[in-house]
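Here the structure comes first, spelled out in structure tokens, and everything after it is commentary.
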Amino acid sequence: METVLVIGATGNIGTSTVTAALRSKRQVLAVVRNQKSGEKLVKNVGTSEGITFVEADVVSDSGMRGVVEQVRAGKLPAFQHVFTCVGADYIPVALKDITTAQLRDNMSRAFEANFFAYRETISYLLEQGRPATYTICTGSQGDLAIFPLPAMTQGPLFSMATAASRENAETNVRFNEIYLGMRVEVDEAAKKHGVTSASEFSVVYESILSRSEIRGSRVRVMNNGDLKDLKYESKF
Ligand SMILES: NC(=O)c1ccc[n+]([C@@H]2O[C@H](COP(=O)([O-])OP(=O)(O)OC[C@H]3O[C@@H](n4cnc5c(N)ncnc54)[C@H](OP(=O)(O)O)[C@@H]3O)[C@@H](O)[C@H]2O)c1
């Protein structure tokens with residue numbers, strides 16, 4: 001059985017990803033920061049079956065390296081798919097009011113952690129030589145910039161996704177970016193706030209996993225109509 005490694009597994013998008021992986025009969029290797037976060041994921045997904053948890057500091061530049069070392073040593077399941085969606089503050093703060101600490105913390109969590117996840121796992125996927133995927137979730141906030149703080153973390157992710165699409169164009173790894181232009185939250189919160197639920201959004205990742213023609217692409221999800229009928233275009 002295949003395994004999906006999820007970095008940012010306990011958030012809105014991570015929860016959706018775990019649901020998609022389990023529904024498509026895959027196992028999950030969920031990177032969590034502590035047991036409490038792991039429990040939150042189990043509550044939101046509704047099961048712990050098929051999920052292996054590993055604690056790591058994904059913000060540190062060596063946190064994900066440690067996870068891959070444990071996989072190589074056979075202490076954790078081998079994985080064929082990676083999904084990264086570590087996020088930070090989704091709040092409205094004017095540019096002039098963003099403190100240095102806030103800026104660095106947000107760049108560290110919402111950009112660097114996703115970069116480290118890629119850098120530390122891509123060689124492992126390439127070495128397998130078998131069909132593999134790498135998927136990242138970004139947001140249209142990066143272009144709209146209505147909330148400057150989260151917006152500014154998305155710009156570098158867009159560039160990184162283009163570079164990764166280019167670098168993997170001829171490899172065994174299908175790299176794709178999900179560009180999300182609507183709000184997705186874990187099911188209970190989504191119901192309360194009237195936004196798209198993690199369960200509803202999970203069909204997007206299920207499609208990406210199953211459709212080998214989608215590679216090096218930005219998959220644009222702007223409304224619920226885009227969930228089933230995927231709109232995608234090459235990143236370069
Ligand atoms: N949700 C949306 O509607 C939406 C829309 C557009 C784009 N996106 C993209 O998806 C990303 C994730 O969004 P989300 O809504 O899923 O965010 P979220 O619910 O806030 O989840 C963020 C994830 O990152 C982890 N994380 C944050 N800081 C961490 C730290 N210091 N150490 C370890 N883990 C940390 C969280 O772990 P804990 O659970 O332990 O806190 C959680 O797993 C966004 O940044 C953006 O790029 C999301």
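Each value in this text was obtained by applying a stated rule to the coordinates, not by laboratory testing. Keep in mind it's a predicted model, so treat the numbers as computed, not measured. Heads up, the Cβs are rebuilt from the backbone with ideal geometry, glycines too, and the neighbour counts pull from every protein chain shown.
Taking amide H as placed 1.01 Å from N in the peptide plane, residue 55 has its amide H under 5 Å from the amide H of 32, each at least 5 places away in sequence or on another chain. Here the extension length gained between residue 126 and residue 104 equals 4.8 nm, from 0.36 nm per residue of separation less the Cα-Cα distance.
Here segment 7-86 has an Rg and Dmax of 11.7, 32 Å, counting Cα atoms alone.
Can you tell me which of 50, 194, 66 moves the most in a GNM of the chain? Springs connect C-alpha atoms under 10 Å apart. Ranking 50, 194, 66 by mean-square fluctuation puts 194 first. Nearest 5 percent is fine: what portion of the DSSP beta bridges confined to the chain is antiparallel? Antiparallel bridges: around 10 percent, rounded to the nearest 5. Where in the chain lies the longest segment free of GluC sites (Glu not before Pro) that are both loop residues by DSSP (not H, G, I, E, B) and have at most 10 other Cβ atoms within 10 Å? In short, 50-169.
Scaled against 2.2 N^0.38 Å for its residue count N, the alpha carbon radius of gyration of segment 121-236 is 1.10. Note on the chain: GNM, Cα springs under 10 Å; of 106, 114, 12, the largest mean-square fluctuation is that of 106.
In summary, the chain shows an alpha-carbon radius of gyration equal to 0.94 times the 2.2 N^0.38 Å reference for compact globular proteins.
Can you compute the helix-only [θ] at 222 nm over the chain? Use -39500 (n - 2.57) per DSSP H run of at least 4 residues, normalise by all residues, nearest 500 deg cm²/dmol.
Dividing the helical sum by the residues of the chain leaves -13000 deg cm²/dmol.
With each label modelled as a point 7 angstrom along the Cα→C-beta vector, the residue 96-residue 144 pair spans 2.4 nm. The ranking of 123, 60 from fewest to most other beta carbons within 10 Å of each one's beta carbon is 123, 60. Structure remark: mean-square fluctuation, Gaussian network model of the chain, C-alpha springs under 10 Å; the largest value among 86, 42, 32 belongs to 42. Shown for 202, 165: other C-beta atoms within 10 Å of each C-beta, ranked fewest to most, produce the order 165, 202.
Reported to the nearest whole Å, the Cα centre-to-centre distance from segment 83-125 to segment 186-236 is 21.
Among the listed pairs 25/75; 25/235; 43/191; 40/75; 43/235, those whose Cα-Cα separation exceeds 26 Å are 25/235; 43/235.
Mind sorting 203, 221 by how few other Cβ atoms lie within 10 Å of their own Cβ, fewest first? Can you show the working numbers first?
Values: 203 16, 221 22.
Exposure proxy ranking, most exposed first: 203, 221.
If you plug the beta carbon distance of residue 193 and residue 1 into 1/(1 + (r/R0)^6) with R0 = 35 Å, you get a FRET efficiency near 0.50.
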